[in-house]
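Quick notes on the structure that follows.
What follows draws every value from the coordinates through simple rules; no lab data is involved. Keep in mind it's a predicted model, so treat the numbers as computed, not measured. Note that each Cβ is placed from the backbone with ideal geometry, even for glycine, and that neighbours are counted across all protein chains shown.
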C-alpha cells in the first residue's frame, strides 16, 4: 500500500555498506513499485568529505549492483533529486544545529511537514550519543511533524547495557516512536507463519505438545565473517543471531493466537513466549548448549576463523551455536525446540521443521513397511515455501508406505520478484506500523535468556576450533539431539 504521509529520512551512516547494499536500493525499489510517498527526501549523514553529487553517483552504482529491479534512468533521476549528503562527525555536538537548519530548508522544498525518520545505521556504540545530540540541538522537536528513530541490531551487548541504552533513547523518544529493526521479521515467509498456523484448521488444532514431537530451527551460512572480524569478536553467534533473529523466529512459531490481528496483540503473545523460556543454570548450559568455531576446510581452501582479518589468533568467539530450549507453558510443555546457527556451514539456509509425533499406529501400520511421522517444513531462504511430508501407499502390490511431499515454493514462480525485507520494514516505519519491530520487553526477555548462557560460558573455556569449515558444525551438536534419539534435518 502506497504511503500518503510525507516523510524525510535522515540516514546516519549514509556512506556505510548497509546503506549502499540494502537501504538505498530498498528506497529505489519502493519507488519502482509506486509505494514511496510523493513528498519524500533522504539526507545521508556521514563523516567522509564529499559532495552530494559525488554521493548520488555512488548510490547509482550501488543500485545497479544490489537492487532487485534494474535501474531505470527516469525513475532514478526522480529519486536522485531527493537525496542529499551532509558531512558530520555524529559523535560530537558540532554540526547538529546546522544539520537541523539544512533539514528545515529541505523539508520546505519537499513539503514533508517536519516528519522525520532518524535511521541509525551506525556502530551500536554511537546510538546513545546520536540520540542525545538530536534532542540537545532541537532535531526531535515535535511541534511540527512526528519524529521516529530506527535502530539496527544489536540493541545492547547484554541485559544491563540494553537497559542503559533503552533509558537513553526513551528519554528522547517514546516507545511508540522507537523502531528496533530485525530484518528477519521483514522476510515474506516469516510473516507467513501466522497465516499458516491461524488460517488453516488442519494445523492450529494439532499445534501443541499432544501432537508435535519437537521443533528444529536452523539458520546457516556458508560464508565466514566476511570482513566483519572486529565486530564479530565482540558479538559471536549467540549475540549476533540467537538473541534477535532466532528467538524472534521461535516466538512466531510458538506464540498463542492473538486476540486481535493488530500490532500490540501480536507482540503481547510473542513476549509471553520469551517470558516462558526456561532460564538455564550453569550445569544446564553445559548440557543443553553447544558452541563451535570453524577451522580450515578439509581441502585447506578456506581459512580458520582465527586467521580472518581483525580476529584474535587465540579467539574464543563462537561462530556456531546449538541449543535445546524448553518453553514452560501448557501448549509446549515437554516439546524441545532445537536451534542452531553457524558460519562456514556446508549449506546456506533458514528453515523450521515441525516434527509431528508418530502416535496413530494401527494394526494396518504395524503390518506395513516404511511408516514415517509427518513433517511441516517452513523454508525462509534460499527457497521460500512450505513442504508437508506425509505417508502414502507405494504403488504396486503390498501395503508398503512411502513418504510423499506437498510442496509450495513461493520464489519458484515465474516472474516472482517480491519485496526484500528492508523494503517492507522501511515502508512500515513510514506508515507507523510497528508489528514487525521488536518492543522493549521483547528485547529485555531475550537478553535475560541469552545472559544465562553467556555468563556460564565465562567460567568455562572450549577447545576451539572444533569443526571444519564447510561441514554441519561440531560433533557435539549432533550428540545434543542423539541423546534424545533425534537427529538434525540437513535437507534444506
With the contact rule set at Cα under 8 Å and sequence spacing of 6 or more, what percent relative contact order holds for segment 7-152? 32 percent
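Which of the peptides 340-348, 132-140, 210-218 is most tightly packed, and how do the rest follow, judged by the mean count of other Cβ atoms within 10 Å per residue? Mind dumping the intermediate values first?
Values: 340-348: 22.2, 132-140: 17.8, 210-218: 19.6.
Output ranking for 340-348, 132-140, 210-218: 340-348, 210-218, 132-140.
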Please report the relative contact order for the chain, taking Cα pairs under 8 Å with a sequence separation of at least 6, and give it as a percent rounded to a whole number. 17 percent
Hey, for a label at residue 475 modelled as a point 7 Å past Cα toward Cβ, could you say which residues of segment 270-302 have their backbone N under 17 Å away? 290-296, 298
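Sequence gap at least 6, Cα distance under 8 Å: using those rules, report the relative contact order of segment 1-71 to the nearest whole percent. Walk me through the numbers on the way to the answer.
Numbers: 77 pairs, mean separation 32.3, N = 71.
Reported as a whole number, the value is 45 percent.
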I need the fraction of alpha carbon pairs in segment 4-61 separated by more than 20 Å, rounded to a whole percent. 24 percent
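Please arrange 242, 131 by counting, for each residue, the other beta carbons lying within 10 Å of its beta carbon, fewest first. Numbers along the way, then the final one.
On the way: 242 27, 131 24.
Least to most surrounded, the residues fall as 131, 242.
Among 489, 333, rank each residue by its count of other Cβ atoms within 10 Å, from fewest to most, as a rough exposure measure. The partial results should precede the final answer.
Details: 489 15, 333 12.
By the 10 Å Cβ count, ascending, the order reads 333, 489.
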Using label points projected 7 Å from each Cα along Cα→Cβ, tell me how many nm separate residue 347 and residue 487, to one decimal. 1.4 nm
So for segment 378-452, considering every pair of alpha-carbon atoms, how many percent are separated by more than 18 Å? 69 percent
Based on the Cα atoms of segment 7-152, what semi-axes does the equivalent ellipsoid have, where each is the square root of 5 times one gyration tensor eigenvalue, given in whole Å with the largest first? 24, 17, 13
Alpha-carbon centroid distance for the pair segment 383-400 / segment 254-325, whole angstrom: 33 Å
Going by Cα centres, segment 199-221 and segment 23-92 are how many Å apart? 41 Å
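Could you compute the FRET efficiency for residue 132 and residue 287, with r as their C-beta to C-beta distance and R0 at 51 Å, rounded to 0.05?
Details: r = 43 Å, r/R0 = 0.85.
Once rounded, the FRET efficiency stands at 0.75.
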Fewest first, what order do 404, 429 take by the number of other Cβ atoms within 10 Å? 404, 429
Label-point separation (nm) for residue 358 and residue 171, each offset 7 Å from Cα along Cα-to-Cβ? 6.0 nm
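So what is the 222 nm mean residue ellipticity for the chain from helices alone, if each DSSP H run of at least 4 adds -39500 (n - 2.57) and you divide by all residues, rounding to the nearest 500 deg cm²/dmol? Walk me through the intermediate numbers first.
Working: 15 runs with 159 residues, N = 492.
Value at 222 nm, helices only, nearest 500: -9500 deg cm²/dmol.
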Expressed in nm to one decimal, what extension gain is obtained for the pair residue 402 and residue 298 from 0.36 nm per residue of sequence separation less their Cα-Cα distance? 33.8 nm
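Could you order the peptides 164-173, 455-464 from most to least packed, using the average number of other C-beta atoms within 10 Å per residue?
Values: 164-173: 16.9, 455-464: 12.5.
Those peptides, ordered most packed to least, come out 164-173, 455-464.
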Any chance you could run the full-extension gain for residue 388 through residue 74? It's 0.36 nm times the residue separation minus the Cα-Cα distance, nm to one decimal. 108.6 nm
Could you tell me which of rounded, prolate or oblate describes segment 142-258, using a ≥ b ≥ c as the square roots of the eigenvalues of the alpha-carbon gyration tensor, with rounded for a/c under 1.5 and, failing that, prolate when a/b is larger than b/c and oblate otherwise? oblate
If you stretched the chain out fully between residue 100 and residue 48, how much longer would it get, using 0.36 nm times the residue separation minus the C-alpha to C-alpha distance? 16.8 nm
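Efficiency by 1/(1 + (r/R0)^6): what FRET value for residue 441 and residue 4, r their Cβ-Cβ distance, R0 = 35 Å, to the nearest 0.05? Let's see the in-between values first.
Working: r = 31 Å, r/R0 = 0.90.
Efficiency, from the Cβ-Cβ distance: 0.65.
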Normalized C-alpha radius of gyration of segment 228-285, against 2.2 N^0.38 Å? 1.43
How many nm separate the modelled label positions at residue 201 and residue 458, each set 7 Å beyond the Cα in the direction of the Cβ? 5.4 nm
